[in-house]
1. Can you work out which of the residues in region 77-102 that are modelled with pLDDT under 90 and among the hydrophobic types (A, V, I, L, M, F, W, C) is farthest from SER197 (Cα to Cα)?
2. Out of region 170-187, which residues are part of a loop (DSSP other than H, G, I, E, B) and in contact (Cβ under 8 Å) with a residue 40 or more places away in the chain?
3. Restrict the check to region 189-198 and report whether at least one residue is surrounded by 13 or more Cβ atoms within 10 Å (Cβ to Cβ), modelled with pLDDT under 85, outside any loop (DSSP other than H, G, I, E, B) and under 23 Å from the mean Cα position of the chain (by Cα).
4. Specify the residue that is modelled with the lowest pLDDT; the eligible residues are those in region 134-171 that are more than 16 Å from the chain's Cα centre (by Cα) and hydroxyl-bearing (Ser, Thr, Tyr).
5. It is to be established whether one or more residues within region 103-111 are within 28 Å of GLY201 (Cα to Cα), in contact with a Lys or Arg (Cβ under 8 Å, 6 or more places away or on another chain) and modelled with pLDDT of 60 or more.
6. State whether the residues of region 125-132 include one that is small (Gly, Ala, Ser), in a strand (DSSP E or B), in contact with a helix residue (DSSP H, G or I) (Cβ under 9 Å, 6 or more places away or on another chain) and at pLDDT 85 or above.
7. Test SER149 against the criterion of being in a loop (DSSP other than H, G, I, E, B), touching a residue at least 12 places away in the same chain (Cβ under 8 Å) and either surrounded by 13 or more Cβ atoms within 10 Å (Cβ to Cβ) or aromatic (Phe, Trp, Tyr) (or both), and give yes or no.
Amino acid sequence: MKKTMVFFAAAVLLVFLPLPVTGQGSVDGEKLLSEAAAAIKKEKSYKATFTYLMPGEAVSRNGVLYVSGDKYRLTMDFLDRIYDGRRTYNIMPDEKEVGIEESSSATAGNSLGSISDILNTFARDFAVLSGERKGTVQYLRLTPKNTRSATEYVLVGIDTATKMLVDVTEKSRSAGSTYLKVTGIDREYKTEAAMFSFDRGKYKKEGYYIAEP
């Protein structure tokens, strides 16, 4: 369950931080993905809001992402994820647990910590193809190269007029689909350093178990 939550968090980040061109799959799809990536990456700091619908649920939930350079904070009801430039902190309120991971573990191929870790993982593990088009929204189909992956495919919708991300659907082979819709991106939002700091004392006081790397 914990791995599923962490992977879903990485998939959420994928919506706002698309993977780089890999030289495989659809040329048009990769070009559009690169343009969408450029539109987001040129912003040094921003706030993005979204709704998401988990498999088997009828009501959407809200989430928010704060980004400053390579640092970010992703907040959803089941997970608060902080990356401070060196470590990733996965704070799980329901389990009263904090998992800490060193970004350098990406060299072992098992990290989904920093933005670059996530981009490299998806670029390595997924092929990009152009999918259907609905009005100005072009869908890109990301298919895992590993046929044993729990994910069947990921659909990313990009508005071709604005080059902005619209939505993403992750289709699992067994657990149904997870749907996420972008509701807003505030490019003028001023992030504060405290947003990307983990307050160890606070969580210890609240009785959280802290799993060190």
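1. Ranking the qualifying residues of region 77-102, first place goes to PHE78.
2. Hits for region 170-187 are ALA175, GLY176, ARG187.
3. no
4. Out of the qualifying residues, it is THR162.
5. Yes, the conditions are met somewhere in region 103-111.
6. no
7. For SER149, the condition - in a loop (DSSP other than H, G, I, E, B), touching a residue at least 12 places away in the same chain (Cβ under 8 Å) and either surrounded by 13 or more Cβ atoms within 10 Å (Cβ to Cβ) or aromatic (Phe, Trp, Tyr) (or both) - is met.
The values are calculated or read from the model by the stated rules, or taken from the named source; none is laboratory data. All of these numbers come straight from a predicted model, not from anything done at the bench. Backbone-built Cβ (ideal geometry, glycine too); neighbour counts: all protein chains shown.
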